[in-house]
Amino acid sequence: MSEPAAPVTGAPPAARLRPLRALLPFVRRYRRQIALALLFLLLAAASTLALPYAVRLLVDGGLALSPEADAGARLAAIRNHFLGLFGVAVALGVFTAARFYMVTWIGERVTTDLRQAVYAHVLQQSPQFFETLKTGEVLSRLTTDTTVIQNAVGSSISMGLRNVVLFIGGLAMLIATSPRLMLTVAGIIVLVVLPAVVIGRRVRKLSRASQDRIADTSGIAGEILNAIPVVQSFTQEAAEAGRFRAANEQAFAASIRRTGVRAMLTAFVIIGVFGSLLYGLYGGVQSVLAGTITAGQLSQTALYIAVVAGSVAVLAEVWGELLRASGATERLMELLTERSAVTDPPLPQPLPASSGGVRIEFDAVRFAYPSRRQQPVLDGLSLTVAPGENVALVGPSGAGKTTIFQLLQRFYDIDAGSLHIDSVELRQLRLADLRARIAVVPQEPVIFSGTVLENIRYGRADASDDEALAAARAAFVDEFVRGLPEGYATFVGERGLRLSGGQRQRVAIARAMLKNAPLLLLDEATSALDAESERAVQAALQVAMQGRTTIVIAHRLATVQRADRIFVLDHGRIVDAGTHADLAARGGLYARLAALQFAA
């Protein structure tokens with residue numbers, strides 16, 4: 001994961017909002033809706049600016065008529081002016097509602113697209129990506145950050161544009177009414193806004209820090225909630241609650257610091273601008289007393305001052321929201337711009353058709369995990385597996401057995417040597433083509449929230465019910481499903497917690513069998529089964545192994561005795577190979593491991 005970009009604390013205002021430009025590709029696709037929203041925004045702003053002028057006409061054209069004027073004429077004039085005011089209010093209501101609908105639609109749509117794009121991009125990252133970034137951190141960016149952006153795109157930007165129009169239009173009308181006085185007021189407003197820009201730099205920096213602290217709490221919560229049994233087994237509930245409380249308090253403190261600076265910014269702008277406008281209103285009252293303007297013009301001036309002051313107050317709030325959204329966008333773009341270390345080649349090669357398994361060749365392979373470059377897991381490993389062969393990998397923990405499985409699926413790329421499948425180098429294959437040829441049963445089966453049948457069909461989504469049920473019977477899933485309340489439609493809970501460990505393992509085996517891939521990888525596939533279930537599943541696996549290449553990782557050597565060949569690994573190298581009988585007679589590492597297990 002690349003390092004986060006440093007906040008642009010000393011940059012001009014446009015630069016501090018520059019991360020928001022990354023949203024343009026998501027916004028441009030809705031040009032028609034944006035055009036409608038802008039039209040309604042301008043019409044609503046024009047209606048707002050028309051209200052003070054309509055009040056001026058009411059005052060000067062009706063209320064300010066001389067007492068000697070005909071009472072009926074005065075009432076008619078007042079009625080007409082009030083009807084005009086009502087017409088402006090209707091227009092304002094209709095255009096404001098239309099603007100609100102359109103900008104909210106755009107905000108919801110853009111946020112949905114952005115969330116989908118980030119999620120789909122993260123799914124394509126190699127496991128290396130998650131070595132440095134917690135899952136909870138990703139979830140925080142998908143939820144909290146996108147919500148901040150939604151508020152900005154669906155509300156703040158629209159409110160900002162509307163109030164910019166109101167501010168400029170209101171100030172223009174004020175200058176048209178009292179040019180000399182209002183130009184002085186405009187100069188004072190500029191002097192007020194300049195310090196506000198400086199305060200805004202601090203707001204953006206604190207907004208980014210606040211989002212990071214919230215992500216920390218999500219990372220802790222996501223990690224612990226997925227390990228509740230372990231936490232409770234070690235009675236660490238209080239300790240974990242304390243760890244979350246500390247992170248939560250840090251998030252609260254960061255948020256309050258940001259809110260405090262934003263509040264100071266808002267107060268400074270409102271007081272400064274409103275004071276400037278009151279100075280202009282005071283000058284207007286003096287002009288009425290001097291007879292240079294009418295009472296209607298004074299009413300118009302007062303209302304325009306209210307419009308301009310209100311727009312400045314809103315703009316101060318919007319500026320803070322946009323700074324916060326800029327920080328959130330920056331964090332999301334870090335995910336979207338991250339490039340997986342494992343990608344498809346520019347000109348991928350096709351894999352030849354496989355009818356009896358695949359051929360695998362490791363030639364002097366060296367590999368170290370990116371987070372531990374100084375500790376090679378495989379060091380000059382060479383082995384060949386023939387099509388249709390059933391081989392086993394054994395050795396002490398850390399010897400590199402599971403790493404071989406990860407390299408075969410190209411979760412990582414090797415550092416040196418070569419790795420071929422059916423005589424094609426792995427890096428010359430499309431990832432989808434390669435992984436379509438491989439079915440895996442992991443040591444810790446992953447069961448998704450859903451039904452038993454849905455979990456089995458995860459192996460091949462287009463499989464028919466009959467094919468899925470046949471795989472279930474072959475993996476002896478049918479035995480325990482018959483006892484479930486809704487059979488194969490039974491909901492298994494998050495991570496399959498409603499099933500036992502052995503039941504989850506059998507579902508994973510059925511899923512792999514349904515995929516029907518020419519290469520089958522079994523990583524301690526029967527480790528969670530009792531003796532009776534293990535015998536049954538071993539029989540099923542023997543059927544599944546027919547006609548395909550199978551590689552088995554097993555610590556219990558009793559499960560690999562029937563393998564065609566057994567490779568013994570130690571410190572990332574093949575130290576011995578042969579059948580069970582050959583290795584046991586040879587007296588090496590395998591013989592020592594076998595003696596310990598079978599004696600026990």
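The values are calculated or read from the model by the stated rules, or taken from the named source; none is laboratory data. Because the structure is predicted, anything quoted here is derived from the model rather than measured. Heads up, the Cβs are rebuilt from the backbone with ideal geometry, glycines too, and the neighbour counts pull from every protein chain shown. Just so you know, the surface numbers come from the protein's heavy atoms only, side chains and all, with ligands and any DNA or RNA stripped out. Shrake-Rupley method; radii C 1.70, N 1.55, O 1.52, S 1.80 Å.
As an exercise, find the ratio Rg/Rh for segment 421-484 from alpha-carbon atoms, using the Kirkwood inverse-distance average for Rh.
Result: Rg/Rh = 1.08.
With N counted as the residues of segment 538-600, its alpha-carbon radius of gyration over 2.2 N^0.38 Å works out to 1.16. Rolling a 1.4 Å probe across all protein chains gives residue 26 an accessible area of roughly 20 Å². Computed from backbone phi with θ = phi - 60° and the Karplus coefficients 6.51, -1.76 and 1.60, the 3J(HN,Hα) list for segment 119-127 is 5, 5, 5, 5, 4, 8, 6, 6, x Hz; x is used for glycine and proline.
Near the amide H of residue 579, within less than 5 Å, lie the amide hydrogens of 566, all on another chain or at least 5 residues away, with H placed in the peptide plane. Surface calculation, 1.4 Å probe, protein heavy atoms: residue 580 sits at approximately 40 Å² accessible. Within the accessible surface of segment 446-541, defined with a 1.4 Å probe on protein heavy atoms only, the carbon and sulfur portion equals 51 percent. Our note on the geometry: Cα centres of segment 462-494 and segment 495-521, 11 Å apart.
Of the residues 322, 346, 335, the one whose Cα sits farthest toward the positive end of the charge dipole of segment 317-356, with +1 on the Cβ of Lys and Arg and -1 on the Cβ of Asp and Glu, is 346. Using a 1.4 Å probe and ignoring any ligands, DNA or RNA, find the accessible area of residue 105 and quote it in Å² to the nearest 10. Taking all protein chains as shown, residue 105 has close to 90 Å².
Among 482, 437, 79, 495, the sequence by solvent-accessible area, most first, with a 1.4 Å probe is 482, 79, 495, 437. Applying 0.36 nm per residue to the separation of residue 491 and residue 347 and subtracting their alpha-carbon distance, the gain on full extension is 47.5 nm.
For segment 578-587, 3J(HN,Hα) computed residue by residue from phi via the Karplus equation (6.51, -1.76, 1.60; θ = phi - 60°) reads x, 7, 4, 5, 4, 5, 5, 6, 6, x Hz, glycine and proline entered as x. Here the Karplus relation 6.51 cos²θ - 1.76 cosθ + 1.60, evaluated at θ = phi - 60°, turns the backbone of segment 143-152 into coupling constants of 10, 4, 5, 5, 5, 4, 5, 4, 4, 5 Hz, with x for every Gly and Pro. Taking amide H positions as modeled 1.01 Å from N, with prolines and chain starts lacking one, no residue 5 or more places away or on another chain lies under 5 Å from residue 572. Summarising the label geometry, the points placed 7 Å from Cα in the beta-carbon direction at residue 85 and residue 436 lie 7.2 nm from one another. In this structure the amide hydrogen of residue 380, modeled in the peptide plane, comes within under 5 Å of the amide hydrogens of 365, 366, 367, none closer than 5 places in sequence on its chain.
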